[in-house]
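Some notes on the structure that comes next.
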Amino acid sequence: ARDSKEVLQAARFPGRRLVDVRPGDVASIREMSLTQLFGLILRLVQMTFRFDSCAAFSYDKKNRILTLSESIGIPVSGSEPVSISLDDDPAIHQVVTEAKAILVNTPLSESQPTLLRAFMAVPIVLNESVVGTLNMSCVSDRSYQDDDLQRLNAIASQAAVLVQSLRTFAELEIEEREILETVPLPIIRVDFPGNRCVVNAAAKVFFDLPGEKIGLDVFLRQSEQFIDRDLAGILSDVRNKGHDLGGIEVKGKGERDAILNLTVSAILSDDVARGAVLVFEDLTEILHAREIAERNE
């Protein structure tokens with residue numbers, strides 16, 4: 001009943017935005033792959049149009065090939081990806097090379113039945129370059145009109161914005177990882193909504209972690225083995241109050257015999273803590289040198 005209500009609302013308001021598809025989808029775009037993003041886009045298309053098949057293709061400019069990323073109503077068999085060569089399809093060639101949307105309606109005829117009644121394809125354009133297409137077809141007696149093409153074009157424009165966001169996040173993540181790897185201190189970035197962590201090499205070694213991207217629960221379990229502080233409580237405080245914490249003394253356990261200074265910085269978005277960055281500074285040698293100096297004095 002809820003799905004039917006959403007479809008009716010989408011039909012009544014054809015200008016529905018991509019961020020309205022499902023709460024939280026866009027907020028977690030940083031964790032999406034391109035295929036997952038195209039799946040999100042097709043869900044919006046499904047709520048807006050009637051069709052028999054719809055597909056999102058990504059474009060490989062070097063090889064002049066469109067590769068199927070996600071689809072609804074298209075049977076896919078085998079391990080080989082479905083692809084379309086621009087050299088073999090004049091209509092798609094026009095969509096990609098000219099960044100021009102196309103609409104084709106085939107008249108119904110009893111003497112010459114057709115398998116395809118209507119077809120639309122629009123380019124996904126990013127920085128004046130086509131990065132993919134949205135294709136839609138219908139085999140029933142329904143034809144597509146110019147306003148259908150305009151609405152599909154509008155969705156493709158929103159898709160381009162999200163593809164740009166996804167690429168920006170990927171570039172920032174690479175830069176962030178490169179910076180983190182140059183710092184010898186254990187650093188952990190926590191994502192509260194996703195319950196995930198990104199750790200640098202020093203943190204991976206100190207806490208004996210299985211990878212650079214791990215679940216928050218995995219990190220918290222490992223931290224209990226090597227330090228004497230309840231990090232779950234500290235992170236809960238940061239998340240609830242949205243403020244930074246510093247000067248927290250932490251003592252290592254077992255082979256990690258060390259005295260550490262922990263600083264926790266909140267990552268805020270609209271005054272809400274979406275994550276935190278934990279930095280552990282080893283003070284053992286500094287405190288040991290101070291102790292020697294005081295004893296000598």
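The values are calculated or read from the model by the stated rules, or taken from the named source; none is laboratory data. Since the structure is predicted, the reported quantities are computational estimates derived from the model, not experimental observations. Here Cβ is always computed from backbone atoms with ideal geometry, including for glycine, and neighbour counts include all displayed protein chains. Side chains included, ligands, DNA and RNA excluded: accessible areas come from the protein's heavy atoms. Shrake-Rupley method; radii C 1.70, N 1.55, O 1.52, S 1.80 Å.
Out of 84, 74, one residue alone is outside any helix (DSSP H, G or I), of a type in the set (A, V, I, L, M, F, W, C) and touching a Leu at 6+ places or on another chain (Cβ under 6 Å). It is 84. Quick one: would you say residue 96 is at pLDDT 85 or above, of a type in the set (A, V, I, L, M) and buried (at least 18 other Cβ atoms within 10 Å of the Cβ)? In short, yes.
Considered as a group, the residues in segment 229-254 that are closer than 16 Å to residue 186 by Cα and of a type in the set (D, E, K, R) include one that is surrounded by the most Cβ atoms within 10 Å (Cβ to Cβ), and that residue is 229. Annotation: of all residues in segment 43-60 being touching a residue at least 40 places away in the same chain (Cβ under 8 Å), in contact with a Lys or Arg (Cβ under 9 Å, 6 or more places away or on another chain) and not hydrophobic (A, V, I, L, M, F, W, C), the one that is most open to solvent (accessible area, probe 1.4 Å) is 50. Screening the candidates 281, 212, 249 for the property of being within 29 Å of residue 32 (Cα to Cα) and among the charged types (D, E, K, R) yields one hit, 212. Residues that are within 28 Å of residue 169 (Cα to Cα), part of a helix (DSSP H, G or I) and in contact with a helix residue (DSSP H, G or I) (Cβ under 8 Å, 6 or more places away or on another chain) occur at least once in segment 186-202.
Starting from residues that are assigned to a helix (DSSP H, G or I) and at pLDDT 80 or above, keep the ones in segment 265-297 and report whichever is nearest to residue 249 (Cα to Cα). Let's see the steps before the verdict.
Our first condition is that a residue be assigned to a helix (DSSP H, G or I); within segment 265-297, this holds for 284-296.
So of that shortlist, the ones also at pLDDT 80 or above come out as 295-296.
Values: 295: 23, 296: 25 Å.
Applying the filter and picking the extreme gives 295.
Residues that are open to solvent by less than 20 Å² (accessible area, probe 1.4 Å) and within 23 Å of the chain's Cα centre (by Cα) were ranked within segment 188-214; the one that is farthest from residue 234 (Cα to Cα) is 211.
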